[in-house]
Amino acid sequence: MNKINVVTIDGPSASGKGELAKSIAHQFNFKILDSGILYRLFAYFFNLKLSNEEIASKINNDISFELKEDNFKILNQSDDITNYLRSEDIAKVASMLSSQKEVRESLFQIQRNFYDKKGLVADGRDMGTVVFKDAKLKIFLTASPEVRAKRRYLELQNRGQEVNMPALIADIKERDLKDSSRELSPLLPADEAHIIDSSDMSLEEVFSITKNLVKKEFI
Ligand code: DC
């Protein structure tokens, strides 16, 4: 298989994929795809009662991503919907929709369109196993549910959202189970993925390991 210039970072919720993807994109000047946000956008428009075709067209035409001070802003036309998309309410609908074949198919080409020859970092659940099977480098990033719940707690608190730790741990465990036991594109490491368990690692350590792998594969 011809390998393309993509680093895939798959793993469960709040494993630190997003932060790692941003750091790698920044370091190597690669484009970035947060595929979870596409599932969340799907959920957002689904809640507005749009059809799958209308949703795909909205994502293609009305949505823009702005990278500001190392943070993504997601705009629906000129409306900043970032905080709402990151909420646990939307995450639940996204998780439910992500088990549907039509939804995954609608998002497949949208995700492939993010490819850039100069390099792309794609994070999600099935980047290495389905969407970018032909990626040069595949990472599977994980951490214990408790560590991930704590990270998500801090993230949501920073956004000014109310959170309850036991409920968050329960939600994360439930979503893990759904994401990894679903029939379509279950959350699994690709055969050739480098598995990194970050439970006892700092972001810097994870970044350093990944950076060295990118250098080895790309340079
Ligand atoms: O990474 P996240 O929490 O933003 O993802 C939101 C939901 O979308 C999550 O329940 C799993 C789903 N998802 C998926 O099925 N495949 C992807 N590549 C990315 C996300």
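Mind counting the residues in the stretch 1-18 that are assigned to a helix (DSSP H, G or I) and buried (at least 23 other Cβ atoms within 10 Å of the Cβ)?
1
Cβ contacts < 6 Å: first residue closer than 14 Å to THR142 by Cβ, restricted to the stretch 170-182; second residue surrounded by fewer than 16 Cβ atoms within 10 Å (Cβ to Cβ), any location; separation 6+ or different chain. Result?
Close Cβ pairs (under 6 Å, with a partner that is surrounded by fewer than 16 Cβ atoms within 10 Å (Cβ to Cβ)) amount to SER180/PRO186.
Taking the condition without any contact (Cβ under 8 Å) to a residue 60 or more places away in the chain and either out of contact with any Pro (no Cβ under 9 Å at 6 or more places or on another chain) or over 18 Å from ASP123 (Cα atoms) (or both), does GLU53 pass?
yes
So, in the stretch 168-210, exactly how many residues are among the aliphatic types (A, V, I, L, M) and more than 16 Å from the ligand (Cβ to nearest atom)?
So the answer is 6.
Quick check on my filter: what residues within the stretch 146-197 are modelled with pLDDT under 90, acidic (Asp, Glu) and within 24 Å of ILE209 (Cα to Cα)?
GLU155
Could you list, in sequence order, all residues of the stretch 19-49 that are surrounded by fewer than 20 Cβ atoms within 10 Å (Cβ to Cβ) and touching a Phe, Trp or Tyr at 6+ places or on another chain (Cβ under 9 Å)?
Selection gives GLU19, LYS22, GLN27, PHE28, LYS31.
Of the residues LEU67, LEU75, which single one is touching a Ser or Thr at 6+ places or on another chain (Cβ under 7 Å), in a strand (DSSP E or B) and under 22 Å from ARG159 (Cβ atoms)?
LEU75
Please determine whether any residue of the stretch 118-125 is outside any loop (DSSP other than H, G, I, E, B), farther than 25 Å from ASN2 by Cα and within 13 Å of the ligand (Cβ to nearest atom).
no
Restricting attention to the stretch 156-202, which residues are in a helix (DSSP H, G or I), under 26 Å from PHE132 (Cα atoms), open to solvent by less than 60 Å² (accessible area, probe 1.4 Å) and not β-branched (Val, Ile, Thr)?
Of everything in the stretch 156-202, those that are in a helix (DSSP H, G or I), under 26 Å from PHE132 (Cα atoms), open to solvent by less than 60 Å² (accessible area, probe 1.4 Å) and not β-branched (Val, Ile, Thr) turn out to be ARG175, ASP176, ASP179, SER180.
Could you tell me which numbered condition MET201 fails, if it satisfies all but one of (1) without any contact (Cβ under 8 Å) to a residue 60 or more places away in the chain; (2) in contact with a His (Cβ under 6 Å, 6 or more places away or on another chain)?
With respect to (1) without any contact (Cβ under 8 Å) to a residue 60 or more places away in the chain; (2) in contact with a His (Cβ under 6 Å, 6 or more places away or on another chain), MET201 is out only on (2).
If you scan the stretch 77-99, which residues turn out to be touching a residue at least 24 places away in the same chain (Cβ under 8 Å) and either more than 10 Å from the ligand (Cβ to nearest atom) or farther than 15 Å from ALA43 by Cα (or both)?
ILE81, ASN83, TYR84, SER87
Go through the stretch 54-69 residue by residue and tally those that are at pLDDT below 95 and surrounded by fewer than 11 Cβ atoms within 10 Å (Cβ to Cβ).
Total satisfying the criteria: 2.
The values are calculated or read from the model by the stated rules, or taken from the named source; none is laboratory data. This one's a predicted model, so the numbers in the text were calculated from it and none came from an experiment. Cβ sites come from the backbone with ideal geometry, for glycine too, and all protein chains shown count toward neighbours. Accessible surface is based on the protein model in full, side chains and every heavy atom, while ligands, DNA and RNA are left aside. Shrake-Rupley method; radii C 1.70, N 1.55, O 1.52, S 1.80 Å.
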